[in-house]
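Since the structure comes first, as structure tokens, the remarks are kept for the end.
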Amino acid sequence: MTKETLSLSINFIVLILLQAFLFNAMYLGVYVSLQLYLMFIIFLPAKLPAITVMVLAAITGITTDLLSSGDIGLHLAACVAMAYIRPFMLSKTSPTDIQFEIPDLDLPHFSEYLLYVGILVLMHHSVLFIFESLSFKEFGYIVARICASAAVNIFLICVIKSIPPIVKHKKR
């Protein structure tokens, strides 16, 4: 097992467990739903093939469904939809044209970073909340929920990613 695979496995386990046992238990009102497990899919290495990202997103979604909501398929559909547009977003927001990269949180690339994270989170939340309601009778409520949850989650993702790592990796 490579260091990268081990690191991805640990990230997956930690984010899924935090989602299932901490974030799902937090009540921030009827409009806000914390979905920070999305960071696993958003920050997967850019060099991974799209099919691998789709499979990992499906595993992430179904695991979240099984541990959290009880509604099998909601998170699965939302995660796969997000993974589907991820390569397009990488191509549009990558700081280099030669090789796709996830934009950095630093100041020169902050707008690309925000666009990349924002569109992916909005895609996830749109699919999740529309499928959850299965109706457009309460369209205003659904839109408010998508926007409020996305804003909070994007903000928290930016805050979490700006925290320096506890363990620094040695550069070779």
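The values are calculated or read from the model by the stated rules, or taken from the named source; none is laboratory data. Values in this document were obtained by computation on a predicted structure and should not be read as measured data. Here Cβ is always computed from backbone atoms with ideal geometry, including for glycine, and neighbour counts include all displayed protein chains.
Screening the stretch 47-78 for residues that are of a type in the set (D, E, K, R) and loosely packed, with under 15 Cβ neighbours inside 10 Å and picking the one that is nearest to Ser33 (Cα to Cα) gives Asp71.
If you go through the stretch 20-71 and keep only what is farther than 21 Å from Leu134 by Cα and β-branched (Val, Ile, Thr), you end up with Ile41, Ile42, Ile51, Thr52, Val53, Val55, Ile59, Thr60, Thr63. Residue-level check: of (1) at pLDDT below 90; (2) within 12 Å of Ile42 (Cβ to Cβ); (3) hydroxyl-bearing (Ser, Thr, Tyr), Tyr116 misses just (1).
Taking residues in the stretch 40-63 that are farther than 19 Å from Ser91 by Cβ, and partners anywhere that are assigned to a helix (DSSP H, G or I) and among the hydroxyl-bearing types (Ser, Thr, Tyr), the pairs with Cβ atoms closer than 7 Å and at least 6 places apart or on different chains are Phe40/Thr60. The condition of being hydrophobic (A, V, I, L, M, F, W, C) and more than 22 Å from Leu156 (Cα to Cα) holds for only one of Ala46, Ala77, that being Ala77. Among the residues of the stretch 79-94, those that are out of contact with any Ser or Thr (no Cβ under 6 Å at 6 or more places or on another chain), surrounded by 17 or more Cβ atoms within 10 Å (Cβ to Cβ) and not β-branched (Val, Ile, Thr) comprise Ala81, Met82, Ala83, Arg86, Met89, Leu90, Ser94.
May I ask you to verify whether Val30 is in a helix (DSSP H, G or I) and surrounded by fewer than 16 Cβ atoms within 10 Å (Cβ to Cβ)? Against the criterion (in a helix (DSSP H, G or I) and surrounded by fewer than 16 Cβ atoms within 10 Å (Cβ to Cβ)), Val30 does not qualify. Being modelled with pLDDT of 90 or more and either small (Gly, Ala, Ser) or under 17 Å from the mean Cα position of the chain (by Cα) (or both): is that true of Leu90 here? The answer is no for Leu90.
Among residues of the stretch 148-160 being touching a residue at least 60 places away in the same chain (Cβ under 8 Å) and surrounded by 11 or more Cβ atoms within 10 Å (Cβ to Cβ), the one that is farthest from Gly29 (Cα to Cα) is Ile157. Just to check your reading of the model, which residue among Phe100, Phe136, Phe129 is modelled with pLDDT under 95, of a type in the set (A, V, I, L, M, F, W, C) and in a helix (DSSP H, G or I)? On inspection, the qualifying residue turns out to be Phe129.
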